[in-house]
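Take a look at the structure set out below.
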Amino acid sequence: MKFNKEVADALQAKNLVVALESTVIAHGLPFPQNFETAQNLEKIVRENGAIPATIAVFDGEFCVGLNENQIERLATEKDIRKISRRDLPIAVGKKLNCATTVAATSFIAHRAGIKVFATGGIGGVHRGYSQDVSADLPELANTPIIVVCSGAKIVLDLPATREWLETNGVCVLGYGCDEMPAFYSRKSGLTVDERVETAKEVAEIAQARDELNLQNAILVTVPVPKEFEIDAKELEEILSESLVLADEKEIRGKEITPFLLSQMSEKSEGKTLAANIALLENNAEIAAQIAVNINKG
Ligand code: PSU
Ligand code: MN
């Protein structure tokens, strides 16, 4: 594991570090928005009093905290592999360059001693193909970290994903909301386990989790900022068209999300992309505030 100096110092002094995911940069957003967003997320974490640690793998080394050149490589190079837990030995053994999913980022961040991790949407149970369950879910069930997100990726079966989290002991908090957000939409009809209003409450709940020695993640779900929300009906339309297309082209497994995201962005004239960036930025801000409050506790 390789820490950049800033992250190493920040972890040693206190624990004012927020982990950031890299798959969203390499495979979730198009260039150049991916590069700009990755840099902005780091800036937002800093402005809110914490140190950002974007996590990725270069030459088979787990990098915790990247330099600008590494972020640029993630945003531009074509052969960056999207890796989940199952790929970790391959990434290290074959000295690959990789972007880490929520599962792989959580794995590395937790082992680095980082307590808070911000992302856009977690993986989950796929629609119409319920054998495809993202490795994000079992990772969250077994990693005591705080993940700040806007729910699960919209392309998934959200009710099935919600059930999975409940069965497997992942505590789902609604940050200023009573329903679990549905990524681009603020509502899903699905409940959260508790509504919270402040970063301080999240820090207190996380502290209690640790005292109870529970090994599950806490999922802090934050709705997309209102002005970027996309009407659920409008979204459903473009999503089902994109799903049909994916099926026709026989796109499966880890290729499916990047394909659907780019299709939806095209069909919505960039609205889904703008919403995705807005929620990522908002989540980074809240994650930093949570990190600050954990350190006050
Ligand atoms: N949510 C998005 N875009 C993404 C992802 C999530 O809006 O690119 C990524 C995350 O890295 C997540 C991964 O961990 O997709 C899950 O992929 P899979 O379903 O293949 O496990
Ligand atoms: Mn999957």
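How many residues does region 145-158 hold that are at positive phi and within 12 Å of ligand 2 (Cβ to nearest atom)? Talk me through it step by step, then tell me what you get.
Of region 145-158, the ones at positive phi are 151.
Narrowing the set further to residues that are within 12 Å of ligand 2 (Cβ to nearest atom) leaves none.
Final tally of qualifying residues: 0.
If I ask for residues that are of a type in the set (A, V, I, L, M) and either touching a residue at least 40 places away in the same chain (Cβ under 8 Å) or in contact with a helix residue (DSSP H, G or I) (Cβ under 9 Å, 6 or more places away or on another chain) (or both), which ones from region 9-38 would you list?
Here is the first cut: in region 9-38, the residues of a type in the set (A, V, I, L, M) are 10-11, 13, 16-20, 24-26, 29, 38.
Residues satisfying the conditions are 10, 11, 16, 17, 18, 19, 20, 24, 25, 26, 29, 38.
Among the helices (runs of 4 or more DSSP H) confined to region 211-297, the ones with at least 2 residues that are without any contact (Cβ under 8 Å) to a residue 40 or more places away in the chain and open to solvent by 10 Å² or more (accessible area, probe 1.4 Å) are located at 232-248, 256-267. Taken together, the criteria place residue 82 among residues that are part of a strand (DSSP E or B) and open to solvent by 10 Å² or more (accessible area, probe 1.4 Å). Residue 161 satisfies every condition listed in (1) within 12 Å of ligand 1 (Cβ to nearest atom); (2) assigned to a loop (DSSP other than H, G, I, E, B) except (2). Determine if region 181-191 includes at least one residue that is at pLDDT 95 or above and closer than 30 Å to residue 113 by Cβ. For region 181-191, residues at pLDDT 95 or above and closer than 30 Å to residue 113 by Cβ: present. Which ones in region 1-45 are open to solvent by 20 Å² or more (accessible area, probe 1.4 Å) and of a type in the set (S, T, N, Q)? Once the filter is applied, which keeps residues that are open to solvent by 20 Å² or more (accessible area, probe 1.4 Å) and of a type in the set (S, T, N, Q), region 1-45 yields 4, 12, 15, 33, 39, 40.
The residues of region 173-201 that are in a loop (DSSP other than H, G, I, E, B) and of a type in the set (A, V, I, L, M), listed by number, are 180, 190, 192.
If I ask for residues that are at pLDDT 95 or above and under 24 Å from residue 235 (Cα atoms), which ones from region 140-156 would you list? Explain how you work it out, then say what you get.
In the first step, residues of region 140-156 are kept if they are at pLDDT 95 or above; the result is 140-152.
Within region 140-156, 148, 149, 150, 151, 152 meet the criteria.
The set of residues in region 74-125 being more than 16 Å from ligand 2 (Cβ to nearest atom) and closer than 23 Å to residue 293 by Cα consists of 107, 108, 109, 110, 111, 112, 113, 114, 115, 116, 117, 118.
How many residues, within region 116-126, are more than 14 Å from the chain's Cα centre (by Cα) and at pLDDT 95 or above?
The initial filter retains those residues of region 116-126 that are more than 14 Å from the chain's Cα centre (by Cα), namely 125-126.
Pick out the ones that are also at pLDDT 95 or above and you get 125.
Matching residues across region 116-126 total 1.
The set of residues from region 126-144 being away from ligand 2 (no atom under 12 Å from the Cβ) and touching an Asp or Glu at 6+ places or on another chain (Cβ under 9 Å) comprises 128, 144.
Listed residues 105, 101, 54, 76; which is closer than 23 Å to residue 17 by Cβ, without any contact (Cβ under 8 Å) to a residue 60 or more places away in the chain and among the β-branched types (Val, Ile, Thr)?
54
Selection of region 43-91 for residues being closer than 26 Å to residue 10 by Cα and acidic (Asp, Glu) yields 47, 59, 61, 68, 72.
Taking the options 108, 154, 114, name whichever one is touching a Phe, Trp or Tyr at 6+ places or on another chain (Cβ under 6 Å) and assigned to a loop (DSSP other than H, G, I, E, B).
Working: 108 fails: assigned to a loop (DSSP other than H, G, I, E, B); 114 fails: touching a Phe, Trp or Tyr at 6+ places or on another chain (Cβ under 6 Å).
So the residue among 108, 154, 114 that is touching a Phe, Trp or Tyr at 6+ places or on another chain (Cβ under 6 Å) and assigned to a loop (DSSP other than H, G, I, E, B) is 154.
Look at residue 93 and say whether it is more than 17 Å from the chain's Cα centre (by Cα), more than 24 Å from residue 259 (Cα to Cα) and surrounded by fewer than 22 Cβ atoms within 10 Å (Cβ to Cβ).
Taking the combined requirement at face value, the residue satisfies it.
Note on region 210-235: residues that are within 17 Å of residue 110 (Cβ to Cβ) and touching a strand residue (DSSP E or B) at 6+ places or on another chain (Cβ under 6 Å) amount to 4. Among residues of region 130-152 that are under 27 Å from residue 278 (Cα atoms) and touching a residue at least 40 places away in the same chain (Cβ under 8 Å), those with a Cβ under 7 angstrom from a residue that is within 16 Å of ligand 2 (Cβ to nearest atom) and aromatic (Phe, Trp, Tyr), sequence gap 6+ or separate chain, pair up as 150/183; 151/183.
The values are calculated or read from the model by the stated rules, or taken from the named source; none is laboratory data. Keep in mind that what you see is a predicted model, and the values were worked out from it rather than measured. So basically every Cβ, Gly included, is an ideal-geometry build from the backbone, and we count neighbours across all protein chains shown. Just so you know, the surface numbers come from the protein's heavy atoms only, side chains and all, with ligands and any DNA or RNA stripped out. Shrake-Rupley method; radii C 1.70, N 1.55, O 1.52, S 1.80 Å.
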